[in-house]
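Could you have a look at this structure, given as structure tokens, before my questions?
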Amino acid sequence: MTYTFSFTWLTEYYPVLLKGILVTIELIAVGGLFGVALGTACAWARALGPAWLKPLVSAYVELIRNTPFLIQLFFIFFGLPSLGLRLSELEAANLAMVVNLGAYSCEIVRAGIQATPRGQFEAGASLAMSPIQTFRYVVLVPALQRIWPALSSQVVIVMLGSAVVSQIAAEDLTFAANFIQSRSFRAFEAYFVTTAIYLALAILLRQALAAIGAMIFARRPAR
Amino acid sequence: MMEFSTWDILRNLLLATRWTIVLSLVSFLGGGIVGALLLFLRIGGNRISTAFTRYYVELFQGTPLLMQLFLAFFGLGLFGINVPAWLAAGIALVLWTAAFLAEIWRGCVEAVARGQWEASASLGMGYVQQMRYVILPQALKVAIPPTVGFSVQVVKGTALTSIIGFVELSKAGTVVTNATFQPFTVYGLVALIYFALCWPLSKSSQALERKLNAAHRNH
């Protein structure tokens, strides 16, 4: 092997990498927040919602969980304009991540809700709480606490999966790597550095989510 | 300009689906073999092999599969080998699948009660005998549903190989879209074909989980 590694391109291209990192963080922040919100709403619908809503939510969850994220992204970005919905690259990437995480977190949150003892619902009802109030104050928070570790790893998986949004030219970290390798011809080094950044982001995100969990569920004994 | 009927589109996509299926099978079987090796290194080996497998799993689970594909594609090229896309795709997917399967199976082996190890050791069994006759038969039952469930991730993971130029279902979708200008129909059909591949696997994973759990409760 006569190849010499060179990282001198870093001095010239680090702003590109930084911008890519920021976009990836923005994607997972929006995707994570709205995705989990959507997933929680769907979990409510599937576990406790009206009967007509359940099959719709099930169909959504099964369809998303059994197709690749890349195809969902292409469908939203290339397919939806023929229905009149034209999104920018970043909007499409954000929407795809919300829709994707929504389906996965629905299943995770639902597992947490189903683990709620029957008596908790009855206790809420006997305090004259409406079903919505019972869900909001009695069921949801302990359910989220139970499934927080599983939810955290799903958010990390979605963050890593967001690498493919570069394929619709959303300018995330992978897009930056592609850009750099096409300019500097240092493909291996560019992807090597980017992979290391993704690994660091994954570790940081995991710790941030653990810290957020500790903050939200502080003063609540685990059950 | 050629006209494409929906049947033309579907036929071309189904032809490409062969390669999605072949790549999925290769990745899953190869990943299973490498994953089993990692598992043995992890639970039976010394401190160095345990640390190695820990970092291996952390590395492959903590970085995007797309980056692993790029590194395999461009990294192998550094050795002066002209890497075809299918080879890079196969290697990256096998290594990626192995990391996840090793981690799933480790959980299953650890679910076998500690006393089983001690009991078999007190019968004078060596490590290989313990695994072969006592631990694995019990761990296998726990392992089947999540393993089948993970195969869905493998099938979906093959979609990323289109990005390094391997022509399978997703790549065929892009090619057919460029020829027909009907992205809604084409990507809709691509999604349905993936769904047809993955949904039976998801469902059987759930069914197996119920069945094997039910067996467990009757003990």
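Which of the helices in chain A, when you take each full DSSP H run, stretch at least 30 Å along the axis at their Cα atoms and have an average Kyte-Doolittle score of 0.5 or higher?
Within chain A the helices that satisfy the rule are A:9-48, A:89-114, A:187-216.
Round to the nearest 10 and give me the degree value, 0 to 90, for the angle of helix B:183-217's Cα axis relative to the longest principal axis of chain B.
20
Could I ask something else about it? As a check on your grasp of the helix formula, calculate [θ] at 222 nm for chain B: sum -39500 (n - 2.57) over DSSP H runs of n ≥ 4, divide by the residue count, round to the nearest 500.
-27500 deg cm²/dmol
Let me check the size of region B:6-217 from its C-alpha atoms; what are the radius of gyration and Dmax in Å?
When restricted to Cα atoms, region B:6-217 yields Rg and Dmax of 20.3, 70 Å.
What list do you get for A:Ile113, A:Ile132, B:Ile21 if you sort them by fewest beta carbons within 10 Å?
The order, fewest Cβ neighbours first, is A:Ile132, B:Ile21, A:Ile113.
In deg cm²/dmol, rounded to 500, what helix-only [θ] at 222 nm does chain A give when every DSSP H run of at least 4 residues adds -39500 (n - 2.57) and the total is split over its residues?
-24500 deg cm²/dmol
Listing B:Leu87, A:Leu173, A:Leu144 from the residue with the fewest other Cβ atoms within 10 Å to the one with the most, what is the order?
Placing the least packed residue first, the sequence is B:Leu87, A:Leu144, A:Leu173.
Taking a ≥ b ≥ c as the square roots of the eigenvalues of the Cα gyration tensor of region B:1-127, is the shape rounded (a/c under 1.5), prolate (a/b larger than b/c) or oblate?
In terms of gyration-tensor shape, prolate.
Test of understanding: express the Cα radius of gyration of chain A as a ratio to 2.2 N^0.38 Å, with N the residue count.
My calculation over the Cα atoms of chain A gives 1.21.
Count the lysine pairs in region B:6-217 whose Cα atoms sit under 23 Å apart, keeping only pairs 8 or more residues apart in sequence or on different chains.
5
Given R₀ = 45 Å, what would the calculated FRET efficiency be for A:Ala37 paired with B:Ala36, taking r from the Cβ atoms and rounding to 0.05?
0.65
Once both axes come from the Cα atoms, what is the angle between helix B:47-61 and the longest principal axis of chain B, in degrees from 0 to 90, rounded to 10?
That helix lies at roughly 30 degrees to the long axis.
Right, something else. What is the gain in length, in nm to one decimal, between B:Ile144 and B:Gln116 on full extension, counting 0.36 nm per residue of separation less the C-alpha to C-alpha distance?
Between B:Ile144 and B:Gln116, full extension yields an extra 8.1 nm.
I've got another one for you. Under 8 Å for C-alpha pairs, at least 6 residues apart: give me the relative contact order for chain B, rounded to a whole percent.
About 29 percent, as a whole number.
Hey, another quick one. May I ask you to sort A:Tyr137, A:Tyr198, B:Tyr187, B:Tyr127 by Cβ crowding, counting other Cβ atoms within 10 Å and putting the fewest first?
Sorted ascending by nearby Cβ count, the order is A:Tyr137, B:Tyr127, A:Tyr198, B:Tyr187.
Readers should treat all values here as calculations from the given coordinates under stated rules, not as data from a laboratory. These numbers were taken from a predicted model, which means no experiment stands behind them. Reconstructed Cβ throughout: ideal geometry from the backbone, glycine too, with neighbour counts over all protein chains shown.
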